[in-house]
Every structure is written in C-alpha cells, then in structure tokens.
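This report concerns only the one structure given below.
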Amino acid sequence: MNNSVRNTARLLTAGLRALLVLTVVCGVIYPLVVTGVAQAAFNNKANGSEVTSHGKVVGSGLLGQRYDKGTDKKGNPIPDLRYFQPRPSAGLTSNRANGVNPQYDLQVSGASNQGATNTDLIKAIKERKHWVATTYGVPESQVPADAVTSSGSGLDPDISPEFALLQVNRVAQENRLPADKVKQLVQDHTQGRQLGFMGEPRVNVLELNIALRDLAQGQR
C-alpha cells in the first residue's frame, strides 16, 4: 500500500514538474523569443503591415477596405468616386444573411462559394459589369475580371493595373486633376510579379489612394 502511495506521489510530482517546465518554455520563453525575433527582423509585418499617412495608421497593406460616401435607402454602400475602388468583397451583394461580406468585415472573411453556373452569381456579375462600364465610361468588354469578382477571402487589398487604369479618367475628373498625373500614380504603384514569375502585377488600392489624396491636396 505504501509503495502504491509513493509511486502515485512520484508520478504526480513528475507530472507537475513537466507541466511547470512546459508552461515556462512553451508559454513564456518561446513566445518571447518568437516575438522578439519578429519585432527585430520583421517589424512591419509582425505588426500587421500597417500603412501610415502623415504619422497616422490608416490601414493594413494586406487587407482591403471600401471607399464610400454613405449608403442608399436600402443600406447599400455608395462608392466615393474621388477614390480608386477595390474589387468587390465576397458575394457581390449586400445580403449578409447569406454570409457574404459587402463591407470588408474581417469577421466574415470568405468566399461566396457560388459556382460559375450559379444564376445569382451570373446576375450579380452582369449588374456589376454594367455599373463599372457605365460609371467609368468604357465598353463592358473592357471590364477586367477583378472588377466584378471577389477574391477567395473577400479581403484582397490589390486590384489589377487594368482595373486601376480603367478608373483613372473618372478619378481625375472627380478630383479636378490632370489625367496624366493620376495615370502616373497608378504606374508608380504597380507592383510586378513576385520574384519575377509568381502571381500577377497588382496595385495596392490603399497606398494608391493615399498618394492620390496627397496629390489632390497639393493642387489646392
């Protein structure tokens, strides 16, 4: 009986020691080391790839956001055409009940999971294409795919150079800026493929709109 008690006590003591050591190593030392290395070597990425403007954090370079000037009577956002618009968020609609994300809400990140033959998706894309073509004064055949479809996460911060250039004339008009200067902004903020072969050329909408605002303010 005594041996049984001693063995049990020894096992409990060993278990408590292991718990204490693992708690210190995995719960204290490891997080501190990883955090320290991240802050020292990858400070900006570790802090969420924050984008600042005039000393103020205005967003993340990894997350898209909308540029609206309010909502209509149905609660749908009204795009502020003074700024370059991002690609649609998941679902291409404002129906939150179906799990879509019209406002780049991080809590409901995800795709609509609608297939290419889904009638709701086809209708939404046609409506979006018509809106883009009408708003920016181009034929529907020139509307790029990312102007009418969302990314898998619904939070893509980038658009294609084609979609950005399509918006140049309207953005320049709304801000009373020369179109060539606005076009140059797009070209200056166009990023190539990663390592020269991965992905597609892209334009970060937040960074582009910051440069646009600075340009517009400098003209006043």
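The values are calculated or read from the model by the stated rules, or taken from the named source; none is laboratory data. Being a predicted model, the structure only gives us computed values, none of them experimental. Methodologically, a virtual Cβ is constructed for each residue, glycine included, from the backbone with ideal geometry; neighbour enumeration extends over all protein chains shown.
In the stretch 27-79, what residues are acidic (D, E) and surrounded by 10 or more Cβ atoms within 10 Å (Cβ to Cβ)?
Once the filter is applied, which keeps residues that are acidic (D, E) and surrounded by 10 or more Cβ atoms within 10 Å (Cβ to Cβ), the stretch 27-79 yields E50, D68.
Quick check on my filter: what residues within the stretch 187-200 are assigned to a loop (DSSP other than H, G, I, E, B) and at pLDDT 95 or above?
Result: H189, single match.
Let's see how each residue does on (1) part of a loop (DSSP other than H, G, I, E, B); (2) in the same structural domain as I210 (by TED's automatic domain parsing); (3) at pLDDT 90 or above:
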| position | (1), (2), (3) |
| --- | --- |
| L20 | no, no, yes |
| T23 | no, no, yes |
| G36 | no, no, no |
| V58 | no, yes, no |
| R66 | yes, yes, no |
| P88 | yes, yes, no |
| N113 | yes, yes, no |
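Out of S151, S141, which single residue is part of a helix (DSSP H, G or I), surrounded by fewer than 19 Cβ atoms within 10 Å (Cβ to Cβ) and not charged (D, E, K, R)?
S141
Is it fair to say V132 is outside any helix (DSSP H, G or I), without any contact (Cβ under 8 Å) to a residue 40 or more places away in the chain and under 27 Å from T117 (Cα atoms)?
no
Under 9 Å between Cβ atoms, which residue pairs at least 6 apart in sequence (or on different chains) link something in the stretch 30-46 that is aliphatic (A, V, I, L, M) with a partner that is modelled with pLDDT of 90 or more and surrounded by 11 or more Cβ atoms within 10 Å (Cβ to Cβ)?
A46/T35
Just checking, which of G154, G196, G137 is in contact (Cβ under 8 Å) with a residue 40 or more places away in the chain, among the small types (G, A, S) and at positive phi?
It is G154.
Would you check if A164 is of a type in the set (G, A, S), in contact with a strand residue (DSSP E or B) (Cβ under 6 Å, 6 or more places away or on another chain) and crowded, with 18+ Cβ neighbours inside 10 Å?
Yes, satisfied.
Looking at the structure I just gave you, is E162 at negative phi, of a type in the set (D, E) and assigned to a helix (DSSP H, G or I)?
yes
Taking Q184, is it modelled with pLDDT of 95 or more, within 24 Å of the chain's Cα centre (by Cα) and either closer than 30 Å to Q217 by Cβ or not assigned by TED's automatic domain parsing to the domain that holds S60 (or both)?
Here the answer is yes, as Q184 does meet what is asked.
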